[in-house]
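To keep things clear, I will list the structure first and then write my remarks on it.
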Amino acid sequence: MRITSAQPDDVAKLLAFREEAAGWLTRMGSDQWRRPYPADRLLATIRCGTVFMVLDGDATVATITLTPDAEEGLWTERELGEPSMFVNKLTVARTHAGRNLGGRLLDWAGDRAYRAGAQWLRLDAWTTNDALQRYYLQQGFEHVRTVREGGAVNGGPRVSGWLAQRRTAPTEHGFEDLTPTPAILPTQ
């Protein structure tokens, strides 16, 4: 399997991929990702070079967004002063579930973040998705805190405020990495 950078013409494929994941989450009893993701926001992150896809042959089997930009209102000023990269939208196709593809992708993200000079790989997970939170703990992340207020709409409840982090490190993830060398993070 190989990892590539997503391209603008991948938007429809990635939106369909997310819809499949949202349907699965709903069947599992989660309220995560019930609202469709805006195509323009996805296109903007693709153009920033922060969206990556795992390909198995010609099939897209996983995706992850890895960015140096934190979502506003989640991390403290001190934490934001530490070199970090942030994982978003990690999704694995149901056809490839149960093969540790997500764990390997998190290892790849930690390796890439390390090569960019980050000390921390951080994420925010859906506040009500206990199974997802347990998954990240099993992948070596430590729960930092849960932010429940200050959502994007009217400062209401935050739906994705379970914060976790783990140290970055070089890793053997087993992917053929076809992505550009990561840019070095600016020093704080």
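Each value in this text was obtained by applying a stated rule to the coordinates, not by laboratory testing. What you are looking at is a predicted structure, and each value in this text was computed from that prediction instead of being measured. Note that we place each Cβ from the backbone using ideal geometry, even for glycine, and neighbour counts take in every protein chain shown.
Structure summary
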{"quantity": "Contact order relative to length of the chain, as percent, for alpha carbon pairs under 8 angstrom and 6 or more apart", "calculated": "23 percent"}
{"quantity": "In nm, spacing of pseudo-spin labels at C48 and N88 (7 Å Cα→C-beta vector)", "calculated": "0.5 nm"}
{"quantity": "Counting DSSP beta bridges with both ends in the stretch 55-152, the antiparallel % (nearest 5)", "calculated": "65 percent"}
{"quantity": "Global form of the chain, assessed from the alpha-carbon gyration tensor, a/c cut-off 1.5", "calculated": "rounded"}
{"quantity": "Simple Cβ-charge dipole of the chain, Lys/Arg +1 and Asp/Glu -1, about Cα centre, in debye nearest 20", "calculated": "340 debye"}
{"quantity": "Listed residues I184, N100, A116: farthest to the positive end of the dipole of the chain (Cβ charges)", "calculated": "N100"}
{"quantity": "Stretchable slack from T67 to E20, in nm (0.36 nm times residue separation minus alpha-carbon distance)", "calculated": "14.6 nm"}
{"quantity": "Computed E for H143/H96 - FRET, C-beta separation, R0 30 angstrom, nearest 0.05", "calculated": "0.65"}
{"quantity": "Gyration tensor (alpha-carbon) shape descriptor, the stretch 73-166, a/c threshold 1.5", "calculated": "oblate"}
{"quantity": "The chain: calculated mean residue ellipticity at 222 nm from DSSP helix runs of at least 4, using -39500 (n - 2.57)", "calculated": "-8500 deg cm²/dmol"}
